[in-house]
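The values are calculated or read from the model by the stated rules, or taken from the named source; none is laboratory data. Remember, it's a predicted structure, so these values are computed and weren't measured experimentally. Note: ideal-geometry Cβ built from the backbone for every residue, glycine included; neighbour counts use all protein chains shown. Side chains are part of the model used for accessible areas, which takes the heavy atoms of the whole protein and leaves out ligands, DNA and RNA. Shrake-Rupley method; radii C 1.70, N 1.55, O 1.52, S 1.80 Å.
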Amino acid sequence: MTAATFNNCLPAARIRTDDEALVRYGRDRTTSFVADPCVVLLPETTDEVVRIVEAANRDRVGLVPSGGRTGLSGGAVAGTGQAVVSLERMNRVLEISAADRLVTCQAGVITQVLQATAEQAGLFYPVDFASSGSSFIGGNIATNAGGIRVIRYGMTRDWVAGLKVVTGTGDVLDLNHGLVKNNTGYDLRHLFIGSEGTLGFVVEATMRLARPPEAQRVLVLAVPRLDDLMRVLETFQSAVDLSAFEFFSELALGRVLAHGRGQRPFATPSPFYALLEFDASADDKAVTAFEACIAANVATDGVLSQSDAQMQSLWALRENISESLAQEKPYKNDIAVRISDVPDFLREVDTLVKSRYPDVEVAWYGHIGDGNLHLNILKPAALSEPEFVDRCHHISPELFALVQARNGSISAEHGVGLLKRDFLGYSRAPEEIAAMRAMKTLFDPNGILNPGKLL
Ligand code: 2HG
Ligand code: ZN
């Protein structure tokens, strides 16, 4: 395949074949897949995306949609001869309507820009995560990104009121138009959310906005046992509306501290920590819940933020974990079960890991209030990356069998991409996968969109 396929789609300056571009745009944050694109395309309009799709169909070139490339499942890794289509030039906020509480923007708008735009209009875009400074709204939609406040505000899907997509056939679908109520049959919008670029390019989105929250407080607790985390959750949830309920292990915290990205919250280390966020007006109730946790010995210490700066530094302990582990090239697991299954599931996974793989280190953390655990298996220094990945592929089936036994998800928020594609059957039934393939054929009959991902 050559870049010449796209010569009539875009001005030459936005068709890049230089090594710097091929390396930079060819991959996401994963490191174990080979990226080898032949060209990077930088469209500025929906028409240009349509022309790119038409040319790719004619010459059968695979197109890899590229946003902020913060993904952790290889969804934006371009294989040999494939063309990267970066949406970074489609980065305009098009309209904000306070009366509708809606903002319409192009796919390449950075999450933090969307948040700031909402704030300037006295509104609030609540979906938030550590990579919000570089992730794009289009990528968030393509992966149905979750993050740290799902317990209160839900996933990206819950905020998409309208969507413009270019399908694999080059059709432009303008879906739902920002309506609140629209019962006119299949809601195609939801098919494209979380489709990981396999059905179409998200080019524009209309996102819902909310009333800004009141001032928040962050509480970090020392929790002696994994099981106790759920007792802490129950105790607090019955007293206050939580905006976040996160957890992390001492091992995960240790890596953040070692990289100078945070300070120990209490003098005495604890095996696990819970991080809770709630409205400052609920302080008294939170203190009562905290005392109940101490009395029940499910928490042994705690620190409550007294200022915005302290709130940020407590959040840093959790939000900097992924980055602090990155150089150890961990094998990422992003799994979820129902909240009621979490305690037993945690015990099973912990037992499996400790008994079968005593020599691997596991950093535990995640959005435990959503039943979502990030379990990062750390690469022993002595193993090469391919050896390590191969070994983890042996661990994964056992772990995923436990997930499957509880009808859980092998990818709660990062998506399937290349990393989890071979394991999709642990979370989706054969009939579901067949239906997904049929949809893929409908919207992308020549299989040009993000080939090899998800299915
Ligand atoms: C987080 O919750 C992100 O910090 C990244 O989803 C998780 O790197 C990970 O495994
Ligand atoms: Zn996460």
Subject >> Computed over the stretch 44-132, the ratio Rg/Rh where both radii use C-alpha atoms and Rh is Kirkwood >> reply: 1.06
**OP:** Counting only heavy atoms of the protein chains, get the accessible area per residue of the chain (1.4 Å probe) and round it to a whole Å² value.
**Re:** 42 Å²
**OP:** Could you state the angle between the C-alpha long axis of helix 46-59 and the longest principal axis of the C-alpha atoms of the chain, as a value from 0 to 90 degrees rounded to the nearest 10?
**Re:** 70 degrees
**OP:** From the C-alpha gyration tensor of the stretch 241-375, pull out the three semi-axes of the equivalent ellipsoid (sqrt of 5λ each), sorted largest to smallest, in whole Å.
**Re:** 25, 19, 14
Original post:
Mind checking which lysines have their C-alpha under 22 Å from LYS181, skipping anything on the same chain fewer than 8 residues away?
Top reply: LYS164
**OP:** Whole Å is fine, so just give me how far the alpha carbon centre of the stretch 245-298 lies from that of the stretch 306-379.
**Re:** 14 Å
Subject >> For the chain, calculated [θ]222 nm from helices alone, where every DSSP H run of n ≥ 4 adds -39500 (n - 2.57) >> reply: -9500 deg cm²/dmol
Subject >> Translational diffusion coefficient (Stokes-Einstein; Kirkwood radius from C-alpha pairs) of the chain at 25 °C, 0.890 mPa s, in µm²/s >> reply: 107 µm²/s
**OP:** Would you mind pulling out the separation of the Cα centroids of the stretch 63-95 and the stretch 414-455, in Å?
**Re:** 18 Å
**OP:** Any chance you could give the angle, 0 to 90 degrees and rounded to 10, that helix 228-237 forms with the longest Cα principal axis of the chain?
**Re:** 80 degrees
Subject >> Mean separation of Cα contacts under 8 Å, 6 or more apart, over the residue count of the chain: relative contact order % >> reply: 16 percent
**OP:** Quick one: pull the percent of accessible area on the chain belonging to carbon and sulfur, 1.4 Å probe, ligands and nucleic acids left out.
**Re:** 50 percent
Subject >> Accessible surface, 1.4 Å probe, highest first, among residues TYR331, TYR426 >> reply: TYR426, TYR331
Original post:
How many nm separate the modelled label positions at ALA280 and MET439, each set 7 Å beyond the Cα in the direction of the Cβ?
Top reply: 4.3 nm
Original post:
Which distance in nm do the two modelled labels at GLN327 and ASP390 give, with both placed 7 Å along the Cα-to-Cβ direction?
Top reply: 2.7 nm
Original post:
Can you give the angle from 0 to 90° between the axis of helix 308-319 and the longest principal axis of the chain, with both taken from C-alpha atoms, to the nearest 10?
Top reply: 70 degrees
Original post:
Quick one: ranking PHE248, PHE124 by accessible area, 1.4 Å probe, largest first, what do you get?
Top reply: PHE124, PHE248
Original post:
For the residue pair ASP422 and ASP18, what label-to-label distance in nm results when each label sits 7 Å from Cα along the Cα-to-beta-carbon direction?
Top reply: 3.8 nm
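With a cap of 15 neighbouring Cβ atoms within 10 Å, and only residues DSSP puts in a loop, list the chymotrypsin sites (Phe, Trp or Tyr not before Pro) found in the stretch 184-222.
Values: sites: TYR186, PHE192, PHE201; in loops: TYR186.
Taking the stretch 184-222 and a limit of 15 other Cβ atoms within 10 Å, the loop chymotrypsin sites (Phe, Trp or Tyr not before Pro) found are TYR186.
Using DSSP to call loops (not H, G, I, E or B), can you name the trypsin sites (Lys or Arg not before Pro) in the stretch 281-351 whose Cβ has at most 11 other Cβ atoms within 10 angstrom? Could you put the intermediate results ahead of the total?
Numbers: sites: LYS285, ARG318, LYS332, ARG338, ARG347; in loops: ARG338.
Sparse-neighbourhood loop trypsin sites (Lys or Arg not before Pro): ARG338.
For every other residue with a beta carbon closer than 13 angstrom to the beta carbon of ASP128, add +1 if it is Lys or Arg and -1 if Asp or Glu, then tell me the sum.
Working: positive: ARG149, ARG152, ARG318; negative: GLU119, GLU246, GLU277, GLU319, GLU413.
Residues near ASP128 contribute -2 overall.
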Original post:
Can you pull the accessible area of LEU10 for me, 1.4 Å probe, Å² to the nearest 10?
Top reply: 10 Å²
